[in-house]
1. Given 50, 57, 74, which one is open to solvent by 30 Å² or more (accessible area, probe 1.4 Å) and of a type in the set (Ser, Thr, Tyr)?
2. Which of the residues belonging to the range 139-191 are among the β-branched types (Val, Ile, Thr) and under 15 Å from the mean Cα position of the chain (by Cα)?
3. Show me the helices (runs of 4 or more DSSP H) entirely contained within the range 104-194 in which 1 or more residues are surrounded by 16 or more Cβ atoms within 10 Å (Cβ to Cβ) and among the polar types (S, T, N, Q).
4. Residue 189 versus (1) out of contact with any strand residue (DSSP E or B) (no Cβ under 8 Å at 6 or more places or on another chain); (2) within 21 Å of residue 12 (Cβ to Cβ); (3) touching a residue at least 24 places away in the same chain (Cβ under 8 Å): which is the lone unmet condition?
5. Given the conditions (1) free of Cβ contacts under 8 Å to residues at least 40 places away in the same chain; (2) part of a strand (DSSP E or B); (3) within 23 Å of residue 129 (Cα to Cα); (4) open to solvent by 10 Å² or more (accessible area, probe 1.4 Å), and given that residue 89 satisfies all but one, which numbered condition is not satisfied?
6. Which residues, counting only those in the range 1-32, are crowded, with 19+ Cβ neighbours inside 10 Å, over 13 Å from residue 48 (Cβ atoms) and in contact with a strand residue (DSSP E or B) (Cβ under 7 Å, 6 or more places away or on another chain)?
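The values are calculated or read from the model by the stated rules, or taken from the named source; none is laboratory data. This one's a predicted model, so the numbers in the text were calculated from it and none came from an experiment. Counting neighbours? That spans all protein chains shown, and the Cβs are built from the backbone with ideal geometry, glycine included. Surface areas here come from the heavy atoms of the whole protein model, side chains and all, with no ligands, DNA or RNA. Shrake-Rupley method; radii C 1.70, N 1.55, O 1.52, S 1.80 Å.
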Amino acid sequence: MKRDIILSGVGGQGILSIAAVIGRAALEDGRHIKQAEVHGMSQRGGDVQSNLRISSSAIRSDLIPRGAADLIVSMEPMEALRYLPWLADDGWVTGITPLINIPNYPEGEALRRELEKLPHAVVLDADAVAKAAMAPRSANMALLGAAAPLLGIDAAKLESGIRAIFARKGGQVVETNLAAFRAGYEAAQKQTKP
């Protein structure tokens, strides 16, 4: 089993928390992982991106070659579109929550249509899903839930990763993030048929 995943978004959206949860779950599942991150501009609302490679055998490089990503998990649609050259022909994209942080930001519906044109996409407003689950600050975990069926890791292990990553913040934060994860997972079931 091998999964090459690009996680992308804008600083402050929780991309690195998603990477931490997936990485922890993969290790718990006995997988090998390699990760590379770019987050130097995250404090200014800039690009945050992580290459996450998961395999049942040894991994030589932490960078995903162009055209090889199995999955792009993006909190921000412009960032998802930016990384499309790295997506494999049969790869999936998840995400759609725009973060309008520049004056000439494209119209949100146009971005949605671009993502919906892709052969394999889960177009999900993670913010709306998280709010409906009474977890408005956990959109990243709603997006992780939406991506979960495509990761090749049991959802229970991902939930265990959420518990471990957020435990230091208290039980209520853990439960809120789990609620968002489960809501995203349920919403994605209607769109995914890998």
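1. Checking each option against the conditions leaves just 57.
2. 153, 162, listed by residue number.
3. 139-151, 155-166, 171-189
4. Residue 189 satisfies every listed condition except (2).
5. Exception for residue 89: condition (3).
6. Matches in the range 1-32: 3, 4, 5, 22, 23, 26, 31.
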